[in-house]
1. From B:290, B:263, B:303, which residue is aliphatic (A, V, I, L, M) and closer than 18 Å to residue B:239 by Cα?
2. Quickly run through the range A:189-207 and pick out the residues that are more than 8 Å from chain B (Cβ to nearest Cβ) and closer than 15 Å to residue A:154 by Cβ.
3. Just give me the residues in the range A:196-241 being small (Gly, Ala, Ser) and within 19 Å of residue B:282 (Cα to Cα), in sequence order.
4. Of everything in the range A:14-26, what is of a type outside the set (A, V, I, L, M) and touching a helix residue (DSSP H, G or I) at 6+ places or on another chain (Cβ under 9 Å)? Give them in sequence order.
5. Taking the range B:232-251 only, how many residues are farther than 19 Å from residue B:149 by Cβ and in contact (Cβ under 8 Å) with a residue 60 or more places away in the chain?
6. Would you mind finding the one in B:243, B:237 that is modelled with pLDDT of 95 or more, more than 14 Å from residue B:366 (Cα to Cα) and within 14 Å of chain A (Cβ to nearest Cβ)?
7. Identify all residues within the range B:351-370 that are crowded, with 23+ Cβ neighbours inside 10 Å and either within 11 Å of another protein chain (Cβ to nearest Cβ) or farther than 22 Å from residue A:182 by Cβ (or both); write none if there are none.
8. From the list A:131, A:135, exactly one residue is of a type outside the set (Lys, Arg), farther than 23 Å from residue B:184 by Cβ and out of contact with any Cys (no Cβ under 8 Å at 6 or more places or on another chain). Which is it?
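The values are calculated or read from the model by the stated rules, or taken from the named source; none is laboratory data. Keep in mind that what you see is a predicted model, and the values were worked out from it rather than measured. Please note: Cβ atoms are built from the backbone with ideal geometry, for glycine as well, and neighbour counts cover all protein chains shown.
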There are 2 protein chains.
Amino acid sequence: MLKKQLEAIVGEKNVSTRSSELYCYSFDASQAKGDPDAVIRPHDSGQVAAVVRLAGELGLPVVARGAGSGLCGGAVPVNGGIVLDMSSMDQIIEIDIDDLQVTVEPGVVHEKLNQALSPYGFFFPPDPGSTAMCTIGGLMANNGSGMRSVKYGTTRNYVLDLEVVMADGKIVRTGSRTLKTASGYDLTDLMIGSEGTLGIITQAVLRIHPLPRARSVILASFDNTALAGKTVVKILSAGIIPSACEILDSTAIETVRRYDPTVELPDAGAILLIEVDGMQNAVKEEADAVGKVCSELASGIKVASTADESARLWNARRLVGAAISRIDPKRTRVYVGEDIGVPIKELPGMLEYVRSLSEEFNIPIMTYGHIGDGNLHTGMTIDMLDENGMERVNTVADRIYRRVIDVGGTVSAEHGVGKARESYMELEHPTSMYVMRQIKKALDPHGILNPGKMGL
Amino acid sequence: MLKKQLEAIVGEKNVSTRSSELYCYSFDASQAKGDPDAVIRPHDSGQVAAVVRLAGELGLPVVARGAGSGLCGGAVPVNGGIVLDMSSMDQIIEIDIDDLQVTVEPGVVHEKLNQALSPYGFFFPPDPGSTAMCTIGGLMANNGSGMRSVKYGTTRNYVLDLEVVMADGKIVRTGSRTLKTASGYDLTDLMIGSEGTLGIITQAVLRIHPLPRARSVILASFDNTALAGKTVVKILSAGIIPSACEILDSTAIETVRRYDPTVELPDAGAILLIEVDGMQNAVKEEADAVGKVCSELASGIKVASTADESARLWNARRLVGAAISRIDPKRTRVYVGEDIGVPIKELPGMLEYVRSLSEEFNIPIMTYGHIGDGNLHTGMTIDMLDENGMERVNTVADRIYRRVIDVGGTVSAEHGVGKARESYMELEHPTSMYVMRQIKKALDPHGILNPGKMGL
């Protein structure tokens with residue numbers, strides 16, 4: 001019955017109800033699981049609206065899904081229902097350089113957008129590690145960002161206007177094609193980061209930015225992570241905003257080395273990879289300034305001399321999250337407590353705390369991430385045969401989350417809340433959760449949009 | 001009775017109910033008018049919360065007010081009620097350079113914040129023309145911006161966390177002290193630009209930015225405004241993002257000259273003032289690039305050679321909005337249709353259209369503003385003795401608004417909607433007004449927060 005109704009909307013070949021197909025949509029890159037009743041592949045906003053209206057009539061959950069690369073279960077149908085696989089809505093509709101904007105469908109893969117913009121000398125600055133697979137829709141749903149957010153900000157800073165299908169099946173435009181506006185409530189930013197719980201994004205107008213003329217990467221080594229953290233505080237408070245500022249701890253360095261021995265990383269307790277970008281002359285001036293600040297606490301400083309060397313360093317950095325799972329076949333990475341954000345000056349203390357937890361609970365933790373904006377990824381792995389390994393990992397994650405909240409941080413800086421972190425929402429937002437629930441209730445009174453997420 | 005109840009909350013000396021005092025709060029810098037029942041000056045969020053609760057019990061409107069420099073009636077109690085004069089909550093609570101943030105009360109005057117940050121080498125980038133009087137609270141309520149938004153964005157881009165008193169009197173924190181977050185709905189951005197209709201901001205954590213090491217100003221002259229508009233399109237699409245890009249049409253040039261004869265501006269149909277900032281060497285490189293692009297269509301180009309010359313040019317630019325009213329004592333400026341925003345490539349056509357309306361309706365229109373982000377200020381003046389002058393001005397404003405919406409623009413780029421523009425909200429947001437109303441109804445079910453605004 002449901003199958004027939006969905007087929008009438010999107011066509012026979014765009015509906016899946018076989019269990020072998022449904023299985024593929026029952027998980028993402030996190031531990032969350034949930035079986036959908038049906039999966040559909042819509043091709044335009046009209047189809048999405050019709051499906052949402054049908055779901056409303058039937059009281060069925062509707063869950064939008066991009067690439068399924070999410071790390072918190074955001075796209076997993078934990079209460080069943082209809083999964084909307086948005087990957088067929090993957091058109092770059094218009095590249096409008098004069099207006100500094102591009103119009104895309106949500107299924108566009110991040111990397112493809114930047115490949116299309118590059119010949120014009122422009123780019124879309126958010127740069128998630130999952131660029132090769134993640135979709136712009138998923139990035140918007142989670143307010144993703146990546147390595148360059150320290151200077152360029154998050155996805156939120158680049159969305160001018162959205163087309164959204166609301167829970168009642170109406171199709172709404174949230175913003176404006178102008179570069180700034182002071183007219184009306186900011187529905188665009190309300191949708192960004194709402195993880196499909198307030199509406200389903202079917203089109204986006206994104207602001208784009210000129211590609212920098214030059215970039216330079218500085219690699220600074222430190223005896224321990226806390227010294228690296230202190231250096232980040234010094235760089236930023238000295239008035240230098242790098243285009244990227246990444247940390248790799250000793251485990252992360254070791255992981256990169258074992259995964260790709262051709263990448264030359266120094267022996268160190270931690271390294272910072274600091275990129276500056278801009279006009280040719282400015283880059284040299286800023287790289288010198290960064291080097292000077294680093295020299296106070298670093299044990300070694302190296303400037304990548306060629307574009308190729310820089311590219312290899314960034315490649316190594318990108319690999320590290322995935323690489324850790326491949327180093328030891330007996331161990332597997334568990335994505336909990338993996339995306340914390342803290343105020344900059346809390347970084348050294350936080351890094352030290354994570355290290356102490358690793359020792360106390362005998363859980364290897366590789367710490368890396370976008371330290372320049374306070375965002376740390378803590379990669380925990382467990383031995384699959386370790387009886388209480390999962391329990392210890394969860395305890396460590398819980399300790400990390402609680403400390404993060406204690407110091408004014410956030411349990412997710414860029415990966416989202418989804419199912420994985422929903423139990424910490426009240427703790428992080430003790431005064432405002434009820435406001436979020438009021439909004440959710442107002443815009444989705446029957447709770448059909450991605451239920452069971454974000455602690456709503 | 002009301003007076004006594006309010007005095008019990010904020011103290012006798014912080015309540016005004018005398019008509020001579022109330023009069024001062026019955027208007028702002030727009031044409032909107034409305035008499036309050038009482039004015040209070042709260043000193044902390046607890047007092048604000050108590051007043052909001054009282055207003056809820058009595059069913060009285062509550063209207064927050066900063067400096068009263070708004071141009072759309074946002075702070076005018078058009079339905080009566082209690083005005084909260086927030087100017088006593090004017091403390092800079094903490095300057096936290098390490099975390100790149102500052103915590104302020106909403107009554108802090110914009111200029112004072114930047115004066116306080118300057119010794120640390122930092123600044124708060126939004127820079128409204130009313131810097132000397134407007135408050136950070138008013139700026140946030142309207143998502144104000146100013147000259148440097150072309151590069152630095154609007155107020156929205158710099159607010160990390162807010163303390164807000166909701167309509168039910170609860171005190172809520174909306175964000176995080178981290179530089180980025182992907183946890184929960186973006187209540188911060190929902191509050192920014194909501195003009196006091198969803199909550200009353202009582203504290204804000206703002207991100208700050210390092211002061212650029214150098215700045216350079218290029219003055220380019222053009223035969224007409226359309227050529228200047230075309231040049232702006234060329235500059236941006238060439239991949240140059242100036243820190244400011246302002247236009248003055250011939251009336252604006254003449255106004256500045258008559259107001260301050262010492263400012264040397266060329267005879268021209270229009271001028272662009274283009275500022276680039278950054279590292280010392282980059283500024284020179286970028287200024288050269290700007291000059292090269294301008295030279296294609298400009299009749300003359302001049303680079304301000306000293307900081308003093310730059311300062312005098314910016315000062316002239318800042319004067320122009322106020323100056324026009326003082327040139328001819330018989331004429332007065334009317335703030336309607338004065339804050340439009342259009343996509344960049346619509347600028348030349350829009351400038352031409354405004355000029356043609358000026359001729360058709362015999363209304364002098366001085367056009368100036370932040371053309372680099374598509375934001376034009378159209379300054380209309382009328383002869384006070386002109387019988388149907390006001391009617392003609394309103395007709396011109398109506399034509400301007402409709403054209404702006406036709407080309408995908410916004411009726412307010414930075415001044416807000418308030419009372420002045422509420423009748424255009426349905427036109428600009430035909431699909432999403434009902435969503436805004438759903439949110440308003442959910443968060444302020446009895447409609448006590450700044451009623452009669454934004455077309456809600």
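1. Numbers: B:263 fails: closer than 18 Å to residue B:239 by Cα; B:303 fails: closer than 18 Å to residue B:239 by Cα.
Sole residue among the options that is aliphatic (A, V, I, L, M) and closer than 18 Å to residue B:239 by Cα: B:290.
2. Going residue by residue through the range A:189-207, those that are more than 8 Å from chain B (Cβ to nearest Cβ) are A:191, A:195-197, A:199-207.
Of everything in the range A:189-207, those that are more than 8 Å from chain B (Cβ to nearest Cβ) and closer than 15 Å to residue A:154 by Cβ turn out to be A:191, A:195, A:204, A:206, A:207.
3. Going through the range A:196-241, the residues small (Gly, Ala, Ser) turn out to be A:196, A:199, A:204, A:214, A:216, A:220-221, A:226, A:228-229, A:237-239.
Scanning the range A:196-241 gives A:214, A:216, A:238, A:239.
4. Just the residues of the range A:14-26 that are of a type outside the set (A, V, I, L, M), to begin with: A:14, A:16-21, A:23-26.
Result: A:14, A:16, A:17.
5. Step one: list which residues in the range B:232-251 are farther than 19 Å from residue B:149 by Cβ, which gives B:234, B:238, B:249-251.
Narrowing further to those that are in contact (Cβ under 8 Å) with a residue 60 or more places away in the chain: B:234, B:249, B:251.
Within the range B:232-251, residues that are farther than 19 Å from residue B:149 by Cβ and in contact (Cβ under 8 Å) with a residue 60 or more places away in the chain number 3.
6. Values: B:237 fails: modelled with pLDDT of 95 or more.
Just one listed residue meets the conditions, B:243.
7. Residue satisfying the conditions is B:370 alone.
8. Criteria check complete, one pass: A:131.
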